[in-house]
Ligand SMILES: [Zn+2]
């Protein structure tokens, strides 16, 4: 199958090449005749109108040889993905209806240690050195806080919540029940249902004058509300969406989803639940969700339902473009295509005979390598 695709691509390229040659030849002729026309005019010969008509006739052959070739058209190929990987990735939805299924091997980093490594220990802190977060979320989180610090010189931010094991979530839940005397908690998510268990979320608090204070996202801190998407984060529980998220307004809770998706949600004022539904309405077989991120990146997003009866699900992926795959944690996979980021030196340059390869390796699937 890869061979077939390549030879098809070659023939398209050849056609394109021929078309370009024809256009060049026509342009040369037009150029020559044009120069001649100017010279004729400067010689004050009175046959200009006749010559202009002749020019028009010369251009016709280019139109005849034009073939349909759209260099922006994406060619897709099939990729096998483990069906259970729909429970992993930076776009998984975890809420009271959708439990988080841990793989047991989250790639975590110690925030305190990583801060020391990056020289950020005086920029922001954690409650203690045991706090961890997914590696995929640490760098953008640290970059974001550093950008804020550079702007306001405030070193008051503390990571008050980050990755929690399900056992720790259980402790928090039981402690809250003990405190309130209720059967259910409205403040702490049930074990298995907290976004903190994914490692993609963190909570801010403030520390100054020797005490902690609630982070409310106002004043200088409102910078995060407007800029977090640039680092791939969303304000996960906005005030206006608590009827959908079923969680009260939490100005301190941020969730990593990746820049394009964070941008789309922020600009369109929708929460993660709404976004997941929107993406499901853009399946691979239908119209894809296309948008341009502020700053110019062109993004295409589509949904592929999981083949729940099978070990593997076939996911169409673009050839020659950077893409990411994430599960949505319940019904399938979301593919994100970065249409400005062409991946070179593979299909187009590699000799097809030597390597029956599967083009590029996606960066984002949490899973073990499959090829
Ligand atoms: Zn939180």
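Taken over the range 180-194, the criterion of being modelled with pLDDT of 95 or more and either within 12 Å of the ligand (Cβ to nearest atom) or over 30 Å from residue 104 (Cβ atoms) (or both) is satisfied by 194 alone.
More than 16 Å from the ligand (Cβ to nearest atom), under 19 Å from the mean Cα position of the chain (by Cα) and in contact (Cβ under 8 Å) with a residue 12 or more places away in the chain: does that describe residue 287? The answer is no for residue 287. Of the set (1) in contact with a helix residue (DSSP H, G or I) (Cβ under 6 Å, 6 or more places away or on another chain); (2) part of a strand (DSSP E or B); (3) not assigned by TED's automatic domain parsing to the domain that holds residue 190, all apply to residue 304 but (1). Considering the range 128-164, the residues that are touching a residue at least 40 places away in the same chain (Cβ under 8 Å) and surrounded by fewer than 16 Cβ atoms within 10 Å (Cβ to Cβ) include one that is nearest to residue 232 (Cα to Cα), namely 143.
Please count how many residues of the range 195-214 are surrounded by fewer than 21 Cβ atoms within 10 Å (Cβ to Cβ) and either within 24 Å of residue 134 (Cα to Cα) or within 13 Å of the ligand (Cβ to nearest atom) (or both). The number of residues fulfilling the criteria is 5.
In the set 231, 215, only one residue is more than 22 Å from residue 338 (Cα to Cα) and not assigned by TED's automatic domain parsing to the domain that holds residue 326; that residue is 215. The conditions of being part of a helix (DSSP H, G or I) and within 16 Å of the ligand (Cβ to nearest atom) are not met by residue 222. Within the range 127-143, the set of residues being over 14 Å from residue 201 (Cα atoms) and outside any loop (DSSP other than H, G, I, E, B) comprises just one member, 143.
The values are calculated or read from the model by the stated rules, or taken from the named source; none is laboratory data. The structure presented is a predicted model; accordingly, all values stated were derived computationally and were not measured. Counting neighbours? That spans all protein chains shown, and the Cβs are built from the backbone with ideal geometry, glycine included.
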